[in-house]
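Throughout, read-outs are computed from the coordinates displayed, never taken from laboratory work. Treat the numbers as computed from the prediction; the structure is a model and nothing was measured. Cβ placement follows ideal geometry from the backbone for every residue including glycine, while neighbour counts extend to all protein chains displayed.
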Amino acid sequence: MTDMAQQSEAISDLAPQEGSVVLSARGLSKTYGAGEAEVRALIDVDLDFESGELIVLLGRSGSGKSTLMNILGGLDSPTSGQVWFQGEDLTGVEEHAVTQYRRDHVSFVFQFYNLIASLTAAENVALVTEIARDPMRPQDALEMVGLGARADHFPAELSGGEQQRVAIARAIAKRPELLLCDEPTGALDSKTGVLVLQAIQRINRELGSTTVLITHNQSIAGMADRVFTMADGRLVDVVRNTQPVDPGAIAW
């Protein structure tokens with residue numbers, strides 16, 4: 001047996017057991033470039049995300065947070081290691097299978113809202129509902145983030161926080177099992193950021209979507225069920241909060 005085959009077999013032995021785990025990774029690594037230009041963005045990351053939990057993925061810029069999110073969400077592939085979603089191995093499958101995974105099970109929220117300026121809030125949300133398997137009505141998704149009364153407004157008529165909440169409504173309208181939020185409050189002031197975090201927390205509790213909130217802001221960690229801390233491409237700490245706090249109680 002070759003070294004690569006032995007490594008693959010060893011990683012497979014670590015496959016998650018059936019139960020509450022919705023997403024797992026074992027030995028996850030990502031390297032960009034080669035030689036002197038080589039950058040090890042992820043190094044041997046092992047993790048399990050439980051169904052319905054709210055996770056804060058914490059770390060400084062360059063720690064590997066976004067690279068990890070992109071791989072877990074099917075936007076990128078690892079150099080080595082494996083990822084499972086609901087017990088199904090996503091590593092090495094054909095591109096159409098990864099596309100189907102993203103389409104049916106995963107939604108993303110980014111720091112920048114990526115709304116279409118010529119469409120109303122409801123129309124921006126409807127872009128997702130038109131291709132989803134079991135979508136919400138756009139109006140219902142907007143109600144969940146506190147913007148039901150702004151459904152007919154265009155992005156230019158909304159504040160930054162409202163635009164971000166429209167982006168969240170668009171993300172959750174297809175009822176994703178996995179909601180990945182990359183620095184969703186990074187461009188917002190603290191007061192507006194709290195409103196966005198409260199919307200994310202409500203969605204997590206009411207829809208039961210496993211929610212991963214990526215941030216460099218240590219203060220936000222208090223709202224999580226578990227906090228995963230990254231540094232230099234490695235997962236260095238995992239802490240469970242016995243009493244997660246409401247975002248309104250967070251001091252920035």
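Mean separation of Cα pairs under 8 Å and 6 or more residues apart, divided by the residue count, gives the chain a relative contact order of 25 percent.
Net charge near Arg137: determine it from the other residues with C-beta under 14 Å of the C-beta of Arg137, scoring Lys and Arg +1 and Asp and Glu -1. Before the final figure, lay out each step's value.
Details: positive: Arg170, Lys174, Arg175; negative: Glu123, Glu130, Asp134, Asp140, Glu143.
Here the charged neighbours net out to -2.
The alpha-carbon atoms of the stretch 3-249 define a convex hull whose volume equals 137 cubic angstrom per residue. Taking the DSSP bridge list for the stretch 3-249 and keeping only pairs wholly inside it, about 55 percent are antiparallel. Distances between placed amide hydrogens fall under 5 Å for Leu23 paired with Phe49, Gln86, all partners being 5 or more residues away or on another chain.
Provide Ile55, Ile131, Ile172, Ile250 in ascending order of the number of other Cβ atoms located within 10 Å of each residue's Cβ, fewest first.
Details: Ile55 22, Ile131 10, Ile172 29, Ile250 17.
Placing the least packed residue first, the sequence is Ile131, Ile250, Ile55, Ile172.
Length gain on complete extension for the stretch Thr242 to Ala97, per 0.36 nm per residue less the alpha carbon to alpha carbon distance?
Values: separation 145, 0.36 × 145 = 52.20 nm, distance 3.71 nm.
Extra length from Thr242 to Ala97 when fully extended: 48.5 nm.
The phi-based Karplus calculation (6.51 cos²θ - 1.76 cosθ + 1.60; θ = phi - 60°) puts the 3J(HN,Hα) values of the stretch 24-40 at 9, 9, 9, x, 6, 9, 9, 10, 10, x, 8, x, 5, 8, 5, 10, 8 Hz, whole numbers, x for Gly and Pro. Electrostatic tally near Val39: other residues with Cβ closer than 12 Å to its Cβ, Lys and Arg +1, Asp and Glu -1, net -1.
Debye sum, Cα scatterers, the stretch 99-153, no solvent: what log₁₀ I/I(0) at q = 0.19 1/Å? Normalising to I(0) and taking log10 leaves -0.73. Between Leu180, Leu197, Leu207, the Gaussian network model of the chain with springs among Cα atoms under 10 angstrom shows the greatest mean-square fluctuation at Leu207. Over the C-alpha atoms of the stretch 114-252, the Rg to Rh ratio, Rh being the Kirkwood estimate, stands at 0.98.
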